[in-house]
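The values are calculated or read from the model by the stated rules, or taken from the named source; none is laboratory data. All values derive from a computational prediction rather than experimental measurement. Cβ: placed from backbone, ideal geometry, glycine included. Neighbour counts: every protein chain shown.
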Amino acid sequence: MVAEGALAAGCRFFAGYPITPASEIYEVMMRELPARGGMALSAPDEISSLCYCVGASLRGLKAMTATSGPGWALMIETLQYALMTETPVVIAIVQRLGPSTGGATQGAQGDVWLAEFATSGGYTIPVFSPSTAAECHALTVHAFNWAERLRTPVVLLSDKEVGMTTEVVDEAALAIPAVVERPLFTGERPFLTYGFRQPEEVPAFAAVGGEVKVTVSGSAHDQQGRLRKNAPEVIEVLRHLERKIEAHAEQMELVRADLDPGAPHLVISYGITARAARQAVAELRREGLRVSLLQPQTLFPIPRQALERALAGVRTVFVAEENLTGQYRAVLAPYFSGKRVLGINKIGALIAPGEIMQAVRTAEA
Amino acid sequence: MAENQYLAPDAKLPYCRGCGHAAVVRHLSHALERLQLPPRSVALTTDIGCVGLADSLFPYLHTVHTTHGRSTAFATGMALAEVVLEPSGLKPVVMIGDGGAMIGLLHLVHAAQLNVDVTVLLHNNFLFGMTGGQHSALTPLNFTTATTPGGNWIPPLDLVALLRAAHAGFLARQFATDPTLEAVIAEAIAYPGFALVEILELCTAYGTRWNQLTGSTLKEIAARQGYEVGRWEAEAGRPSLRELYRRERASRPAGAPAAAAAQLPAPSTLAHEVRLVVAGSAGERVQSAAALFCRAALAAGLYTTQKNDNPVTQGTGFSLAEICLSPNPIEYTGMESPDVVIIASSEGLKELQANGTLERCRAETLLLIDAELDLPAVSGRVLRLALRRAAAPQRAALAALAAWVALEHVLPPAVWEAALAPLPPDRRTGLNEALQIGAQLVNELNKRMP
């Protein structure tokens with residue numbers, strides 16, 4: 001469904017390298033993309049995969065690659081290049097159990113930090129996290145839309161359990177977001193590869209190989225793309241890289257919220273674990289407990305507004321995620337002040353609805 | 001003045017006096033002039049190092065300043081995109097040093113294998129210049145660098161020879177001072193596939209400081225490494241990448257449109273969620289039986305999920321599928337406690353013991369197992385069926401699933417027909433037999449235990 005979403009979003013370039021549990025995306029793209037006028041290619045490693053995607057995107061094509069934690073580790077250099085050169089690209093990470101080679105066929109939600117905090121300087125990488133096959137489809141389109149609209153790399157963070165479980169999808173009910181294209185240079189003012197008047201503005205794109213001269217640089221550069229040292233404009237460009245994301249954060253907020261206003265408990269969960277959370281909350285409500293549920297689909301930028309709405313009046317917050325250290329819980333901590341916060345964490349197996357229910361019941365008692 | 005289109009006439013070259021990079025930049029400019037290439041059809045893609053300072057010298061070309069060693073890969077990406085776009089005549093030209101060439105070696109090798117239309121100018125000055133003259137993988141034997149003060153003892157890589165093995169279409173090795181360099185660079189850029197020109201040159205900051213190195217000893221050093229100098233064009237008439245990609249696409253069988261799932265008039269009577277585990281041996285079609293079963297359930301209007309598991313090697317050991325069936329959308333896809341456990345082989349049994357599934361069985365769990373298996377004490381209702389003997393090992397899992405359908409009556413019998421309909425007739429026959437055997441086994445059981 002990630003591959004189908006990519007095709008629906010207008011992806012025309014895919015380069016991949018086999019890795020469980022992301023190989024299905026690679027195989028579908030190799031099968032489907034050429035037939036639809038695109039280029040799909042086997043790369044010799046993950047570094048090449050993402051470099052090829054960035055090169056193709058510089059040439060004007062919407063591009064994606066797919067990998068898992070070990071491949072992502074190799075891609076981080078090029079992710080930073082895409083960010084610095086304001087090149088749209090989507091990276092679908094299907095998480096597996098880490099660290100290192102870890103467990104190829106075991107699910108996990110352990111790459112939240114690695115996906116988000118992968119740049120020197122700590123720039124915000126938009127990260128979307130689907131919990132179902134249908135969400136894989138919709139969020140892939142969103143990932144492309146935001147990558148193109150903001151000219152930035154975007155991560156679609158699923159996991160083995162979401163990516164490799166076959167499930168029935170009601171095709172008629174699929175919510176397909178409208179497809180967005182990158183802002184193109186139309187010639188109304190002199191072209192600057194990284195030109196903006198306000199820092200939050202996204203520079204108009206011109207393809208390498210087109211009519212206007214493009215100056216791309218991964219080194220600290222001015223708006224024209226020239227490598228500069230000690231120039232205030234270079235610092236402005238760096239601020240702009242973060243500012244353009246920040247300024248669109250509210251629009252990027254995607255959540256599934258099932259709130260019971262006045263409920264003392266809020267369960268926050270994302271990705272595969274959100275499914276167990278939905279089941280748990282439904283059953284707890286049948287038992288008479290008052291519980292709210294928030295599933296962020298946009299993990300980053302943090303969906304602040306939805307989070308604050310969900311937190312209003314809540315006494316206890318549960319954050320359920322399949323990692324040891326509570327990666328997303330730690331990131332949300334600044335929003336939790338004055339509340340009791342409990343992590344529901346596990347590795348090596350799915351968090352079951354019963355485990356979430358038990359945690360809520362214990363807190364209620 | 002044509003020259004204005006390429007190297008700016010007033011360009012202040014940022015290189016040390018005598019550095020080979022300056023010669024290459026001038027030769028490149030003249031080569032572009034010779035080819036009369038419109039400046040916007042060149043994407044000058046530079047690597048890291050002194051070699052990466054060339055961008056600003058060519059104010060009218062597209063320039064892409066990249067990361068260390070990756071320049072070839074980014075250029076390859078641009079050229080690959082070109083394959084599916086209207087031809088624009090874009091020529092990516094990579095400028096890379098000997099240090100970058102080694103860190104990005106596989107990008108060079110793969111670009112050569114693809115025969116992608118990228119030209120690489122490899123500036124080989126035998127060391128890392130920008131960082132202080134350290135040893136590189138292309139440093140000649142006995143050469144002194146900042147990190148080989150006693151002389152280099154690691155034999156250098158002959159990149160031209162290596163790329164020849166990778167099917168590079170055009171290869172050349174020249175000295176920066178060769179008057180023919182301009183023509184060779186022009187030929188390389190004009191070549192409609194992968195081309196690399198290795199240019200041997202002096203680093204006058206470090207190379208000449210620590211070594212007896214001049215224009216003439218450079219030739220001796222090259223000769224001592226056994227380097228051939230010249231140009232080679234391999235496999236004349238080789239089809240372009242665009243042509244190969246077009247042929248590859250044309251050769252693919254047209255994909256049949258996905259068959260719409262048949263919806264049966266008689267839907268399933270299943271009122272609640274059921275979780276099944278099917279375990280057997282690799283190669284015995286356990287997971288495909290489960291997939292067929294899920295398609296059947298879908299035809300009866302049920303929601304299903306299927307998760308497979310097997311050892312990493314895939315072809316040996318156990319094979320397992322976990323299935324959820326429900327009249328409602330399914331959230332949690334795990335298996336806290338199974339409702340039905342099907343065990344078709346001893347390897348399947350062993351895995352269910354190992355992964356704790358058997359321990360999680362309850363009194364209400366139904367276990368359908370092959371009659372020959374030695375099942376340890378377990379909670380639940382056990383039914384032994386001659387799965388392997390009656391249906392053959394390859395069909396045991398499917399027969400067991402058919403048996404469950406016959407036992408529970410939650411799916412109308414016609415679901416199997418709907419599931420089999422999209423398959424070719426020859427495959428349907430064998431599967432149908434297994435389904436019938438499964439139903440018969442239940443009939444016999446009912447006769448014995450009415």
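Summary table
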| read-out | value |
| --- | --- |
| Pairs where the first residue, in region B:241-262, is within 11 Å of another protein chain (Cβ to nearest Cβ) and the second is part of a loop (DSSP other than H, G, I, E, B) and modelled with pLDDT under 75, C-beta under 7 Å, 6+ apart | none |
| Cβ pairs under 7 Å, 6+ apart, first in region A:338-362 and surrounded by 18 or more Cβ atoms within 10 Å (Cβ to Cβ), second hydroxyl-bearing (S, T, Y) and in a loop (DSSP other than H, G, I, E, B) | A:A352/B:Y332; A:P353/B:Y332 |
| Residue match in region A:160-171 (condition: part of a loop (DSSP other than H, G, I, E, B), assigned by TED's automatic domain parsing to the domain that holds A:G103 and closer than 15 Å to A:I25 by Cα) | yes |
| Number of positions in region A:77-108 that are under 25 Å from A:N345 (Cβ atoms) and assigned to a loop (DSSP other than H, G, I, E, B) | 11 |
| Residues that are assigned to a loop (DSSP other than H, G, I, E, B) and either over 17 Å from A:V127 (Cβ atoms) or touching a residue at least 60 places away in the same chain (Cβ under 8 Å) (or both), drawn from region A:291-324 | A:Q297, A:P301, A:A312, A:G313, A:V314, A:R315, A:E322, A:N323, A:L324 |
| Odd one out for A:V112 among (1) farther than 20 Å from A:P183 by Cβ; (2) surrounded by fewer than 24 Cβ atoms within 10 Å (Cβ to Cβ) | (2) |
| A:G225 buried (at least 16 other Cβ atoms within 10 Å of the Cβ), part of a loop (DSSP other than H, G, I, E, B) and without any contact (Cβ under 8 Å) to a residue 60 or more places away in the chain | yes |
| Matching residues, region B:310-324, being surrounded by 22 or more Cβ atoms within 10 Å (Cβ to Cβ) and more than 10 Å from chain A (Cβ to nearest Cβ) | B:F318, B:S319, B:L320 |
| Odd one out for A:E181 among (1) in contact with a helix residue (DSSP H, G or I) (Cβ under 7 Å, 6 or more places away or on another chain); (2) surrounded by fewer than 24 Cβ atoms within 10 Å (Cβ to Cβ); (3) in the same structural domain as A:S23 (by TED's automatic domain parsing) | (3) |
| Residue satisfying condition, being without any contact (Cβ under 8 Å) to a residue 12 or more places away in the chain, of a type outside the set (V, I, T) and more than 10 Å from chain B (Cβ to nearest Cβ), within set A:G262, A:G288 | A:G288 |
| Condition met for B:E364 (surrounded by fewer than 22 Cβ atoms within 10 Å (Cβ to Cβ), free of Cβ contacts under 8 Å to residues at least 24 places away in the same chain and within 28 Å of B:T269 (Cβ to Cβ)) | no |
| Region A:16-51, subset part of a loop (DSSP other than H, G, I, E, B) and β-branched (V, I, T), residue farthest from the other protein chains (Cβ to nearest Cβ) | A:I19 |
| Enumeration of residues in region B:93-115 that are under 20 Å from B:H65 (Cβ atoms), more than 8 Å from chain A (Cβ to nearest Cβ) and crowded, with 24+ Cβ neighbours inside 10 Å | B:V93, B:V94, B:M95, B:I96, B:G97, B:D98, B:G99, B:G100, B:A101, B:G104, B:L108, B:A111 |
| A:R96 vs. criteria over 26 Å from A:T124 (Cβ atoms), touching a helix residue (DSSP H, G or I) at 6+ places or on another chain (Cβ under 7 Å) and within 12 Å of chain B (Cβ to nearest Cβ) | no |
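So that you can scan it fast, the table gives a plain yes or no per residue for (1) more than 10 Å from chain A (Cβ to nearest Cβ); (2) on the phi < 0 side of the Ramachandran plot; (3) buried (at least 22 other Cβ atoms within 10 Å of the Cβ):
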| residue | (1), (2), (3) |
| --- | --- |
| B:L270 | yes, yes, no |
| B:R285 | yes, no, yes |
| B:N308 | no, yes, no |
| B:P338 | yes, yes, yes |
| B:V341 | yes, yes, yes |
| B:N355 | no, yes, no |
